[in-house]
Amino acid sequence: MVTGAGVSAASGVPTFRSADGLWSNFRVEELATAEAFSRNPRLVWEWYEWRRNRIAACEPNRAHEVLAAWSRHYPKFTLVTQNVDGLHERAGTRNVVRFHASIWELSCWRSCGASPGRWRDDTTPLPAIPPPCPHCGGLARPGVVWFGEAIDPAVLEESLAALDCDVCLVVGTSAVVYPAAGLADEARRRGAYTIEINPEATDATPRFDLAIAGRAEEVLDEIERALGG
Ligand code: NAD
Ligand code: ZN
């Protein structure tokens, strides 16, 4: 199972490519990169602070609930998510691999050697923007993986292990951000039957064994009811 921002759309979490009010005049590359942060940490933190507050006010939707139920029901279920919002975990999903880490974690911008290297902070609103590293007093950064940054090797390994499966569902992702976008191809190469669920066609749609055009919260609900859940 691979999920992207579309799974959280019905919860009110903006996807990257949705035009969203205040921030719609910024491109993602101006906000979610190390270059952007070194240029203007305050601007980048204001954007993350806005997203953190927005996500804190959101609840998991039917798509998260169905996937949480499957994670309890199927022993070999693994969910690799590109989402950083934590809504899968809040829905009670087991075996979640956070491909791009979490918006609820911070790390030291200078990698000062603080232990642990990243720490959880789900305070909303944060008392100071930008927040300080509690170890060295320098800048803390959002713990998420930015564009141009490598995926944690342990996370990559866990994700690849999950692709040795019978069925790989890919839900709510535009399939343009690599390496995440390559996960379905790798699952197919390993012999899995691959299914895409997305209301819009993506560049990857023709490569799937089955593409279901629909919203995650509706299609997953229908599948769950057909399975008798
Ligand atoms: P994206 O914004 O690029 O694409 C979202 C996809 O979801 C689109 O293809 C769209 O057609 C589809 N979609 C919209 N509504 C849907 C619905 N109700 N059901 C199913 N699909 C729906 O998102 P992505 O592919 O996850 O983008 C990659 C990057 O965006 C990732 O790096 C991720 O970390 C980051 N991101 C995460 C969040 C989050 O945590 N919720 C939000 C925005 C972006
Ligand atoms: Zn530090």
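The values are calculated or read from the model by the stated rules, or taken from the named source; none is laboratory data. Worth saying up front: this structure is predicted, and the values here are computed from it rather than measured. Using ideal geometry, Cβ is built from the backbone for each residue, glycine included, and neighbour counts are taken over all protein chains shown. Accessible surface is based on the protein model in full, side chains and every heavy atom, while ligands, DNA and RNA are left aside. Shrake-Rupley method; radii C 1.70, N 1.55, O 1.52, S 1.80 Å.
Only one of the numbered conditions (1) away from ligand 2 (no atom under 16 Å from the Cβ); (2) within 27 Å of L31 (Cβ to Cβ); (3) free of Cβ contacts under 8 Å to residues at least 40 places away in the same chain; (4) out of contact with any helix residue (DSSP H, G or I) (no Cβ under 6 Å at 6 or more places or on another chain) is violated by P132, and that is (1). When each of W45, W70 is tested for being within 16 Å of ligand 2 (Cβ to nearest atom) and either of a type outside the set (D, E, K, R) or at pLDDT 95 or above (or both), the lone residue that passes is W45. Kindly establish whether D203 is under 24 Å from A5 (Cβ atoms), open to solvent by 80 Å² or more (accessible area, probe 1.4 Å), touching a residue at least 12 places away in the same chain (Cβ under 8 Å) and within 13 Å of ligand 1 (Cβ to nearest atom). Criteria met by D203. Of the residues making up the stretch 101-118, those that are more than 8 Å from ligand 2 (Cβ to nearest atom) and touching a residue at least 24 places away in the same chain (Cβ under 8 Å) are A101, S102, I103, W104, E105, L106, S107, R118. For T33, the conditions (1) closer than 28 Å to V219 by Cβ; (2) touching a residue at least 40 places away in the same chain (Cβ under 8 Å); (3) within 18 Å of the chain's Cα centre (by Cα) all hold with the exception of (1). Restricting the search to the stretch 206-221, which residues are open to solvent by 70 Å² or more (accessible area, probe 1.4 Å) and in contact with a strand residue (DSSP E or B) (Cβ under 9 Å, 6 or more places away or on another chain)? Hits for the stretch 206-221 are R207, D209, A213, R215.
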